[in-house]
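Comments concern the structure below.
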Amino acid sequence: MEQRGTLYLCATPIGNLEDITLRALRVLREVDLIAAEDTRHTRKLLSHYDIHTPLTSYHEHNRQKKGEYLLNLLAAGKKIALVSDAGMPGISDPGTELVASALENNQKVVPVPGPSAGITALVVSGLPAGAFAFEGFLPAARKARRDKLAALSREPRTLIFYEAPHRLTATLIDFREIIGNRLMVAARELTKQHEEVVRGTVDEVLEHFRGKEPRGEFCLVLAGATGERLEVAETIQVSLEPAEHVARLEAEGAGRKEAIREVARIHGLPRREVYQAVVSKKQTK
């Protein structure tokens with residue numbers, strides 16, 4: 001008879017180590033192996049709860065080779081717990097691929113739910129939570145990030161993003177330029193000693209972090225584009241004259257061609273017309 005293993009998807013604390021379920025602790029003790037995004041990080045959690053289950057790494061850079069190894073163990077009937085550094089595995093990490101492969105091979109997959117940074121930020125934001133869209137990390141490249149935001153500019157649901165501290169300012173500027181000055185929340189270090197939740201408009205949050213160095217990974221919760229908010233966002237995007245808008249984007253690091261293309265898209269103008277406006281403004285100085 002063919003053996004059938006079990007892959008447990010164990011949520012781990014996003015900060016405070018007390019935010020783990022009794023069930024998750026039992027599973028982590030009873031499985032044959034724990035596959036962790038970062039074994040050093042997970043070892044601190046296991047040590048805190050006196051758990052001595054063997055550990056192995058499973059992350060973006062070894063997912064193919066290690067994934068095959070884990071699937072072979074499941075095929076041999078082993079029980080494996082998959083954990084990320086924080087929150088629910090499979091969200092913005094390669095766990096999704098392992099789950100899909102396990103199911104394709106008729107292995108049992110069991111969720112062990114718990115904390116999620118995105119949901120935690122959403123419920124504390126005060127923004128509508130009845131319908132939302134989780135977008136994870138935006139592209140690191142500026143053009144790709146702005147294109148993604150342009151595609152989301154009319155999304156009526158509350159939007160949730162993850163962002164790294166060194167990209168926070170650039171992302172907030174893109175929010176303002178592409179989506180508009182909506183209400184939002186920037187949450188960092190959730191459930192930790194230095195937890196911070198900054199509420200306000202995009203401009204207000206941007207101003208806050210211009211005066212304070214961003215640290216720790218962020219959850220950004222942005223109001224959806226419904227009714228009056230959509231009208232305000234569209235007004236803000238076209239409030240500058242095309243030549244002034246190009247100059248502003250260039251000051252923020254965009255190349256001339258990229259800035260002209262972006263302004264033409266936002267203002268609904270031919271690129272040549274925007275280019276001529278830039279040249280005319282330069283000649284009048």
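Taking each residue of the range 42-58 that is touching a residue at least 12 places away in the same chain (Cβ under 8 Å) and looking for partners that are in a loop (DSSP other than H, G, I, E, B) and charged (D, E, K, R) with beta-carbon atoms closer than 9 Å, six or more apart or interchain, yields 42/85; 53/32; 54/32; 57/37; 57/38; 58/37.
Checked against the criteria, residue 136 does not count as on the phi > 0 side of the Ramachandran plot and either surrounded by 14 or more Cβ atoms within 10 Å (Cβ to Cβ) or free of Cβ contacts under 8 Å to residues at least 24 places away in the same chain (or both). Taking each residue of the range 63-83 that is under 21 Å from residue 113 (Cα atoms) and at pLDDT below 95 and looking for partners that are assigned to a helix (DSSP H, G or I) and of a type in the set (Val, Ile, Thr) with beta-carbon atoms closer than 9 Å, six or more apart or interchain, yields nothing. For the range 1-47, taking the residues that are among the β-branched types (Val, Ile, Thr) and assigned to a loop (DSSP other than H, G, I, E, B), the one that is surrounded by the fewest Cβ atoms within 10 Å (Cβ to Cβ) is identified as 21.
Residue by residue, here is whether (1) buried (at least 18 other Cβ atoms within 10 Å of the Cβ); (2) in contact with a Lys or Arg (Cβ under 8 Å, 6 or more places away or on another chain); (3) in the same structural domain as residue 76 (by TED's automatic domain parsing) holds:
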| position | (1), (2), (3) |
| --- | --- |
| 109 | no, no, yes |
| 130 | no, no, no |
| 142 | yes, no, no |
| 153 | no, no, no |
| 185 | yes, yes, no |
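Going by the structure shown, is residue 172 part of a helix (DSSP H, G or I), surrounded by 22 or more Cβ atoms within 10 Å (Cβ to Cβ) and not polar (S, T, N, Q)? When the stated conditions are applied, residue 172 passes them.
The values are calculated or read from the model by the stated rules, or taken from the named source; none is laboratory data. All of these numbers come straight from a predicted model, not from anything done at the bench. Heads up, the Cβs are rebuilt from the backbone with ideal geometry, glycines too, and the neighbour counts pull from every protein chain shown.
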